[in-house]
Amino acid sequence: MSERLDKWLSDRSADSRKEIKTLIRGRQVRVNDAVVTDPGHHVVPGDTVSVRGVVVTADQFVYIMLNKPQGVVSVSSAPGDRTVIDLLPPQMRRPDLFPAGRLDRDTTGFVLITNDGEFAHRILSPKKHVDKVYRVSLRDPAQESYIQAFADGLVLGDGTKCLSAVLIFSDDPRCVTVRLREGRYHQVKRMFASLGNQVVQLHRESIGTVLLDPALAPGECRPLTKEEIQKMLDSSDG
Ligand code: URA
């Protein structure tokens, strides 16, 4: 099925249709290596479209791994704040992207950005059992008794009970790893608060069986590979 070039591009970019028409008329857009100046030119499946030399992905759905730095908010737009979407390079931006799940402003690590609502639901729903793993630095050393308390399901300050979670010790009792399948507001911080401790630093290391790529510096991102997308789906039940 063919589609107008200006519409095709505006569905895959953060620029307005008007801005896109200006780019096209300004000879900045190529289709299959030929400059196209007509916004009504029809794009067909298999065409390669580039803007200022950068190829625009034709995929309907996109899945991006971001290493979120501190101070950035996990929403699509927040006037006056820097969002995870603002960190994407221009050629990756599209108006329909959103972060699948939130990390607090001061939490770092793996954020999945997508435009696929069904995929996001599978990753986020506790019923689908996709574990999230966090590296946690604590104010006070973790106690052995925490392990059972996490496994039993901690009761938070508001009286609600968490699902069973796994706490793993390292050589340093102030540095532990937590594996959980829920994503409640401030959940890890509230879990440790319920034990009289305090989270000093929090970093998400993985979603399902997909690890945050150690090659990504804070603020950097890359598309998930096909294998990683499949691994995330395989991590979910049903
Ligand atoms: N739990 C928290 O407390 N904060 C996060 O950002 C993620 C999990």
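Counting only DSSP H runs of at least 4 residues, each contributing -39500 (n - 2.57), and dividing by the residue count of the chain, the helix-based mean residue ellipticity at 222 nm comes to -5500 deg cm²/dmol. Each Lys or Arg adds one and each Asp or Glu subtracts one; over the other residues with Cβ under 9 Å from the Cβ of residue 39, this totals +3.
Here the extension length gained between residue 227 and residue 70 equals 53.7 nm, from 0.36 nm per residue of separation less the Cα-Cα distance.
Distant-in-sequence amide contacts of residue 63, defined by a placed amide H-H separation under 5 Å and a gap of 5 or more residues or a different chain, comprise 224. When nucleic acids and ligands are ignored and a 1.4 Å probe is applied, residue 220 ends up with an accessible area of around 90 Å².
Round to the nearest 0.05 the FRET efficiency obtained for residue 81 and residue 155 when R0 = 30 Å and r is the Cβ-Cβ distance. Efficiency for this residue pair is about 0.40. In nanometres, what is the gap between the two model label sites at residue 16 and residue 184, each 7 Å from Cα along Cα-to-Cβ? With each label placed 7 Å out from Cα toward Cβ, I get 4.4 nm.
Computing FRET efficiency as 1/(1 + (r/R0)^6) for residue 148 and residue 55, where r is the C-beta to C-beta distance and R0 is 45 Å, gives about 0.30. Neighbours of residue 149, meaning other residues whose beta-carbon lies under 14 angstrom from its beta-carbon, give a summed charge of 0 when Lys and Arg score +1 and Asp and Glu score -1. Against the criterion of solvent-accessible heavy-atom surface with a 1.4 angstrom probe, 191, 92 sort, most first, into 92, 191. Remark: region 206-223, residue by residue, has Karplus-estimated 3J(HN,Hα) of 7, 10, x, 9, 9, 8, 4, 5, x, 6, 8, 6, x, x, 8, 8, 7, x Hz, where x stands for each Gly or Pro and the curve is 6.51 cos²θ - 1.76 cosθ + 1.60 at θ = phi - 60°. Close amide H contacts of residue 13 (hydrogens built in the peptide plane, cut-off under 5 Å, sequence separation of 5 or more or a different chain): none are found.
For residue 82, nonlocal amide neighbours, meaning residues 5 or more places apart or on other chains whose placed amide H falls under 5 Å from its own, are 73. Net charge within 14 Å of residue 66 by Cβ-Cβ distance, Lys/Arg positive one each and Asp/Glu negative one each, not counting residue 66 itself? Every neighbour counted, the sum reads +1. Here residue 7 is the anchor, and the aspartates and glutamates within straight C-alpha reach of less than 13 Å, apart from those fewer than 8 places off in the same chain, are 15, 19, 38.
The values are calculated or read from the model by the stated rules, or taken from the named source; none is laboratory data. Please read these numbers as outputs of a predicted model, since none were measured by experiment. Glycine gets a Cβ as well: all are built from the backbone with ideal geometry, and neighbour counts include every protein chain shown. Accessible surface is based on the protein model in full, side chains and every heavy atom, while ligands, DNA and RNA are left aside. Shrake-Rupley method; radii C 1.70, N 1.55, O 1.52, S 1.80 Å.
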